[in-house]
Amino acid sequence: MNNFWIILSHTYMSKVKTKSFVVTTILTLAIVIGLSNMTNIIGFFNKNSSEKIAVIDETSELLSPLQEQLKLTDSELILENYEAGAKKAEKALEEGEYSGLLILDVDEANLPVATYKSMSISDVESYTVLQSGLQQVKTQMAANQINLTQEQLAALYEPVSVERVALEENAKTEEELSQARGLVYVLLFVIYFAVIMYANMIAMEVATEKSSRVMEILISSVSPIKQMFAKILGIGLLSLTQLILLLGVGYFSIKQNLDSMEGGFFSVFGFGAVSVSTIVYAVIFFILGYFLYATLAAFLGSLVSRIEDVQQMITPMTLLVVAGFMLAMFGLGNPDAPFVAVTSYIPFFTPMLMFMRVGMLTLPAWEPILGIAILLVSIILLAIFGARVYKGGVLMYGKTSSFKDIKKALQMTKSEK
């Protein structure tokens, strides 16, 4: 058993001290902090960047209500009345005095029409703000023409009230779904990238030792299954180290900036209170998913003799992870879909799909338990099969880049007996 812990600790310490691990962790932490502070960063660069728009009001009546409307929306656009004519305004625009030129007029129905000019049509934000403001002005003018009161106008544009009621017992409310969706969305990405990155790392570790002939010494002193799982657990501890850092920094960073995380993405994917069971299931399915793919990656990595062949060998495994992730992304919008439910019991898709369903739906307890049982059985069977392939595969040298080598590895294992 001492050999097992020696290999495990060596695998963990050798990886955690590498420059690539340290640099990747620091960069990822910086990205997490940057994303959680994105609103503050954008605000810092935009605090002194109010845009001036030259306005030529042909009616002399539209500029004032438009300015009032923009004040209500907290827009930073500054509308400046320009009376020197369109030609000079365009010249001032070209010289950079203004970021845009707005020409206001009315049509036959005495309702606002406008022309917006800028140096390029990529200035979508200013155009959208101005269009929205003018739409409100037009609505107000049209209401005045037909003598609508403010109360009547408000009633006209008030959205219809449609209450959603789930008849299923203990079904989640819309607010609970929104909160769960945020956590599920983030953790699906964590599971996806972690499985791909760390499973690849295990395959590369095995292939590296094999290419340096260290494997021949190791295999003679440590049983294949001990060696394989020592590496899997060593990389697993490495992944947990990195994920604890990322999730810890991410949690505190989001906590500090939660007040600014409103609207847009955050209005759809809430990060409010979520149930403890969802978090527990996230941890369980993450760990089981890691062991499933790590075991697969370990024996696939044992079949290649050159590091260059690793990616080719594990490509089918990577495609399985991608397929499961894509199904889970679709399932976020329609978690009740029959094919999502069925595929959530396929072992290679279970970590992501079953977790997504647990987070988004109110499932009977037997469904996630069955998914966990399927994963455990799959990991055990894969470990037994993988250990046999691993034992023969690590002793195979030469050109090995096809799955026919699995049969050769099994034959070598039998011949040793």
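Below is a table of values for the structure above.
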| read-out | value |
| --- | --- |
| Check on Ala109, of a type in the set (A, V, I, L, M, F, W, C), under 25 Å from Ile146 (Cα atoms) and part of a strand (DSSP E or B) | no |
| Residues being open to solvent by less than 20 Å² (accessible area, probe 1.4 Å), modelled with pLDDT of 70 or more and more than 30 Å from Met204 (Cβ to Cβ) - total across the range 250-298 | 2 |
| Residue match in the range 63-76 (condition: on the phi < 0 side of the Ramachandran plot, loosely packed, with under 12 Cβ neighbours inside 10 Å and in contact with an Asp or Glu (Cβ under 8 Å, 6 or more places away or on another chain)) | no |
| Subset of the range 84-104 (residues that are crowded, with 19+ Cβ neighbours inside 10 Å and of a type in the set (Gly, Ala, Ser)) | Ala89, Gly100 |
| Restricting the range 336-374 to residues that are of a type in the set (Gly, Ala, Ser) and farther than 23 Å from Val322 by Cβ, the residue that is surrounded by the most Cβ atoms within 10 Å (Cβ to Cβ) | Ala373 |
| Verdict on Leu29 being at pLDDT 75 or above, within 34 Å of the chain's Cα centre (by Cα) and buried (at least 17 other Cβ atoms within 10 Å of the Cβ) | yes |
| Qualifying residue in the range 329-346 (condition: in contact with a Ser or Thr (Cβ under 7 Å, 6 or more places away or on another chain) and assigned to a helix (DSSP H, G or I)) | no |
| Test: residue in the range 303-321 that is open to solvent by less than 20 Å² (accessible area, probe 1.4 Å), closer than 15 Å to Val184 by Cα, assigned to a helix (DSSP H, G or I) and touching a residue at least 24 places away in the same chain (Cβ under 8 Å) | no |
| Residue that is of a type outside the set (Asp, Glu), modelled with pLDDT under 85 and outside any helix (DSSP H, G or I), where the choices are Ser126, Ser60 | Ser60 |
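The values are calculated or read from the model by the stated rules, or taken from the named source; none is laboratory data. All figures in this text were calculated on a predicted structure; none of them were measured in a lab. Don't worry about glycine lacking a Cβ; one is built from the backbone with ideal geometry, like all the others, and counts go over all protein chains shown. What goes into the accessible areas is simple: the full protein's heavy atoms, side chains included, and nothing from ligands, DNA or RNA. Shrake-Rupley method; radii C 1.70, N 1.55, O 1.52, S 1.80 Å.
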